[in-house]
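See structure below.
The values are calculated or read from the model by the stated rules, or taken from the named source; none is laboratory data. On a predicted model such as this, the values are computed, not experimentally measured, just so you know. For neighbour counting, all protein chains shown are included, and Cβ atoms are generated from backbone atoms with ideal geometry for every residue, glycine included. What goes into the accessible areas is simple: the full protein's heavy atoms, side chains included, and nothing from ligands, DNA or RNA. Shrake-Rupley method; radii C 1.70, N 1.55, O 1.52, S 1.80 Å.
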Amino acid sequence: MRQPLLCLALLLTGACTTIPDAQPAAPEPVDLLVRNVTVIDPEQATRTPGRDVLIDNGRITAVIPSESAAHGAESVVDGTGKYLIPGLIDMHTHSSIRPVHISTLKLMAANGVTGIREMGSDCIERGKIGMCIDEMRESRAKIESGELVGPRILELSSLKIDSNRPEDADDVWKLYRPTDADQARQTVALLAAERRPDILKIGDEFQPEAFKALLAAAREQGTKTGGHLPPMFSMAEAAAMGMTSIEHARDLPLDCSSHGAVFRGQMMAKIMGEDVPWPDRKAIPGKARDGFDEELCAAQIAALVEHGTYYVPTHLTREMDYRAGESSYREDARLAYIPAMQQGQWNPDLDRTAEAPPEMVRDLADFFRLGLKTTGMAHDAGVKIMAGTDANDTMVFPGFSLHDELRHLVAAGLTPMETLQAATSVPAEYLGRTADFGGVSEGKIADLLLLSADPTADIANTTRIEAVIFGGQLRDRAALDALLADVREWVSLADEQMKGAN
């Protein structure tokens, strides 16, 4: 009302003129716009069609209906008929193998893996095949700056810790091989002061008191622990002691059977010096199958839920156990991305199972299926499942195999959406980085996959990658194919060099 009254007053002087309405300033164009896409947000468990996703300075700035007012962008991607999901996180990798470090990172990036938890991140002696943690931190920084192509290295582990100490161990080796409680506490303190890993990697050849003391010291210090279980302890016992995450689908199937307590009790007795035979590890698959007990399983799983223990089953490693003799399995076309020197390490592992008696192979196949079943039971009860591959272990192809593991999780009984959560929002929660990762919403880091088919209809559609957006930077299908071609070319050159050296 102020303008008409002012004009009325000023008419007498002829000084009134019409004041135009102020026009809002046009918003600054964003770096990237994905237009009219179906957004699949695992964090919210939603699937929303017809959305525009605006990305600027490496983060998502808005997710809005596509019929909203026009907004400018330096680059526009047409998402019509396509699906946008968060980048995938592989929560158990081995990228720190020096000869294949760069190729591993490229394969992961080309397959939509935008983050990893590296579970073998340190060394004893510099310059050997295993990279040291400071070298892995250098790679982490180069990836973040764009100098190196690869996934974000979100967590770095220590070298594997256990009590298997050789007689000639020097002071450095002794640090990683504590044999009693005092040494274990010293290991935790020294690693925190000198190496500063994000998580302590647990091996399975532990003295019982050293294991218990190490977990207690790590918990008191606020350091994560993850990896294998010493064979005298069950999943429930390790969870109660505070182990942050347990890897590989071999302990839960065992502890879900009547044979679990028998095996672990016999192992404890032997370790403590009693005159009993070592239990037969090769008998575990068949005896775990035959002794499966739902009530025992429920009790083990309840402990994981109670103590908030994460589970990374890496079903791929159990698949290799029983499929090693299958020609179709051993002739995988993806071996084109694996140099002969690495295949030379894989083949003896494959041969050991391929040469096993048929009844043992059947037991291993049943154990794999029992692993799937118990993972499904754990998930249904509320255990936090995370997708991990053991990348670079035998027949585990970096990047490619995360999609294989997702299919195994669906076979275990998770829905496609729950399986996506295991590779996105659950890892983000574990890492304490839900503000950055795990969903497709305003404020998140723009690590995203654009797919040509709906992964909530068929999880295999996570392989239908049209583009990867990493920190807001677009890599289209041509760029992803170029990364794959780079690795194939490098493998060919490496193989030729190896032939020439022999």
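Where residues in the stretch 71-87 are part of a loop (DSSP other than H, G, I, E, B) and in contact with a Lys or Arg (Cβ under 8 Å, 6 or more places away or on another chain), which of them is most open to solvent (accessible area, probe 1.4 Å)?
Applying the first criterion (part of a loop (DSSP other than H, G, I, E, B)) to the stretch 71-87 yields 71-72, 79-82, 87.
In the following step, the residues that additionally are in contact with a Lys or Arg (Cβ under 8 Å, 6 or more places away or on another chain) were identified as 79-80.
Working: 79: 0, 80: 74 Å².
Top of the filtered list is 80.
Would you check which residues across the stretch 305-328 are open to solvent by 20 Å² or more (accessible area, probe 1.4 Å) and assigned to a helix (DSSP H, G or I) and list them?
We begin by selecting, within the stretch 305-328, every residue open to solvent by 20 Å² or more (accessible area, probe 1.4 Å); these are 305-308, 310, 318-319, 321-323, 325-328.
Passing the criteria: 305, 306, 307, 318, 319, 321, 322, 323, 327, 328.
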**Study point:** Residue check, residue 388 in contact with a Ser or Thr (Cβ under 9 Å, 6 or more places away or on another chain), farther than 26 Å from residue 257 by Cα and surrounded by 22 or more Cβ atoms within 10 Å (Cβ to Cβ)
**Key:** no
Check your understanding: How many residues are β-branched (Val, Ile, Thr) and in contact with a Ser or Thr (Cβ under 7 Å, 6 or more places away or on another chain) when one looks only at the stretch 98-123?
Key -> 2
**Study point:** Test set (1) touching a residue at least 60 places away in the same chain (Cβ under 8 Å); (2) more than 20 Å from residue 166 (Cα to Cα); (3) surrounded by 17 or more Cβ atoms within 10 Å (Cβ to Cβ) - residue 196 fails condition number
**Key:** (3)
Point to revise | Extreme residue, nearest to residue 314 (Cα to Cα), among residues of the stretch 345-380 that are small (Gly, Ala, Ser) and either free of Cβ contacts under 8 Å to residues at least 40 places away in the same chain or not in a helix (DSSP H, G or I) (or both) | key: 376
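Could you identify the single residue in 494, 485, 457 that is open to solvent by 70 Å² or more (accessible area, probe 1.4 Å) and among the aliphatic types (A, V, I, L, M)? Walk me through it before giving the result.
Numbers: 494 fails: open to solvent by 70 Å² or more (accessible area, probe 1.4 Å); 485 fails: open to solvent by 70 Å² or more (accessible area, probe 1.4 Å).
From the options 494, 485, 457, the qualifying one is 457.
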Review point. Can we say residue 143 is under 18 Å from residue 94 (Cα atoms) and in contact (Cβ under 8 Å) with a residue 40 or more places away in the chain?
Key: no
Revision key, fill the gap. Counting only residues that are in a loop (DSSP other than H, G, I, E, B) and touching a strand residue (DSSP E or B) at 6+ places or on another chain (Cβ under 9 Å), the stretch 442-458 contains a total of 10
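Within the stretch 407-430, take every residue that is open to solvent by less than 10 Å² (accessible area, probe 1.4 Å) and in contact (Cβ under 8 Å) with a residue 60 or more places away in the chain and give me the one that is farthest from residue 313 (Cα to Cα).
Initially, the stretch 407-430 is screened for residues open to solvent by less than 10 Å² (accessible area, probe 1.4 Å), giving 409, 414, 419-420, 422-424, 427-428.
Imposing the further condition that a residue be in contact (Cβ under 8 Å) with a residue 60 or more places away in the chain reduces the set to 409, 420, 423-424, 427-428.
Details: 409: 9, 420: 15, 423: 12, 424: 16, 427: 14, 428: 17 Å.
Selected residue: 428.
How many residues does the stretch 57-70 hold that are open to solvent by less than 40 Å² (accessible area, probe 1.4 Å) and part of a strand (DSSP E or B)? Talk me through it step by step, then tell me what you get.
Filtering the stretch 57-70 for residues open to solvent by less than 40 Å² (accessible area, probe 1.4 Å) gives 58, 60, 62, 66.
Subsequent filtering for residues that are part of a strand (DSSP E or B) retains 60, 62.
Selection size over the stretch 57-70: 2.
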Practice item. Kindly indicate whether any position in the stretch 89-100 is out of contact with any Asp or Glu (no Cβ under 6 Å at 6 or more places or on another chain), open to solvent by 20 Å² or more (accessible area, probe 1.4 Å), touching a residue at least 24 places away in the same chain (Cβ under 8 Å) and in a helix (DSSP H, G or I). Key: yes
Exercise for review: Select from the stretch 253-304 the residues that are hydrophobic (A, V, I, L, M, F, W, C), over 28 Å from the mean Cα position of the chain (by Cα), within 30 Å of residue 358 (Cβ to Cβ) and outside any helix (DSSP H, G or I) and list them in ascending order.
Suggested key: 278, 292
Point to revise | Unique residue being in a helix (DSSP H, G or I) and over 24 Å from residue 108 (Cα atoms) when the list is 141, 184 | key: 184
Exercise for review: Consider residue 309 carefully, then state whether it is modelled with pLDDT of 95 or more and in contact with a His (Cβ under 7 Å, 6 or more places away or on another chain).
Suggested key: no
Practice item. State whether one or more residues within the stretch 431-446 are within 13 Å of the chain's Cα centre (by Cα), touching a residue at least 40 places away in the same chain (Cβ under 8 Å) and more than 27 Å from residue 77 (Cα to Cα). Key: yes
Review point. Just checking, how many residues over the stretch 199-227 are in contact with a Gly (Cβ under 8 Å, 6 or more places away or on another chain) and either in contact (Cβ under 8 Å) with a residue 60 or more places away in the chain or not in a loop (DSSP other than H, G, I, E, B) (or both)?
Key: 10
Practice item. Within the stretch 174-213, count every residue that is of a type outside the set (Phe, Trp, Tyr) and closer than 17 Å to residue 224 by Cα. Key: 24
Practice item. Go through the stretch 237-275 and give me each residue that's among the small types (Gly, Ala, Ser) and either under 25 Å from residue 155 (Cβ atoms) or open to solvent by less than 10 Å² (accessible area, probe 1.4 Å) (or both). Key: 238, 239, 240, 242, 245, 249, 257, 260
